[in-house]
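The values are calculated or read from the model by the stated rules, or taken from the named source; none is laboratory data. Predicted, not measured: the structure shown is a model, and the values here were computed from it. All Cβ positions, even for glycine, are placed from backbone atoms using ideal geometry, and neighbour counts span all protein chains on display. Keep in mind that these areas ignore ligands, DNA and RNA; they rest on the heavy atoms of the full protein, side chains included. Shrake-Rupley method; radii C 1.70, N 1.55, O 1.52, S 1.80 Å.
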Amino acid sequence: MATVGGIKEAEGSANSLEIDSLARFAVEDHNKKQNALLEFKRVVNVKQQVVAGTVYYITLEVTEGGHTKVYEAKVWEKPWINFKEVQEFKLIG
């Protein structure tokens with residue numbers, strides 16, 4: 001049985017337009033804050049946690065200077081009030 005508020009795999013949504021949109025939002029947010037030039041490539045994996053809204057843990061590939069790198073973005077979304085926030089964006093691996 002799933003734990004209420006626990007982090008779980010986001011089944012079937014790794015390639016959804018919504019997840020792609022959130023991943024692109026995270027890359028754009030990072031680029032603005034860090035004056036970087038990362039280019040979104042693809043979503044690798046997604047986990048989600050239902051809180052006051054949903055927190056998505058998105059593993060994604062980007063291209064930086066011709067090299068592929070893998071990052072994890074933690075994006076909090078509350079669609080009913082048009083709110084989304086990147087809480088964390090870090091290089092992994």
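Quick notes on this structure:
- Note on the range 60-92 and the range 17-36: Cα centroid distance 5 Å, given to the nearest whole angstrom.
- Three-way shape label, the range 21-73, alpha-carbon gyration tensor, a/c 1.5: oblate
- Summary value for the chain: 23 percent relative contact order, contacts being C-alpha pairs under 8 angstrom separated by 6+ residues.
- Fraction of alpha-carbon pairs over 22 Å apart in the chain - percent: 24 percent
- Pair VAL44, LYS90: separation of 7 Å Cα→Cβ label points (nm): 1.5 nm
- Proximal charge balance of ASN45 [Cβ under 10 Å; K/R count +1, D/E count -1]: -1
- What the chain shows is 65 Å² of accessible area per residue, with the surface traced by a 1.4 Å probe over protein heavy atoms.
- Remark: for residue pairs LYS47/LYS78; LYS8/LYS69; LYS32/LYS69; LYS8/LYS78; LYS41/LYS78, the C-alpha separation exceeds 21 Å in LYS8/LYS69; LYS41/LYS78.
- Added length on full extension, which subtracts the Cα-Cα distance from 0.36 nm per residue, SER16 to THR63: 14.9 nm
- Ligands, DNA and RNA excluded, the heavy atoms of LEU38 present near 10 Å² of accessible surface to a 1.4 Å solvent probe.
- Cβ-defined net charge surrounding PHE89, 10 Å radius [Lys, Arg +1; Asp, Glu -1]: 0
- Taking the C-alpha atoms only, the angle from helix 17-34 to the longest principal axis of the chain is near 50 degrees.
- Accessible surface of the chain [probe 1.4 Å, protein heavy atoms]: carbon and sulfur percent: 49 percent
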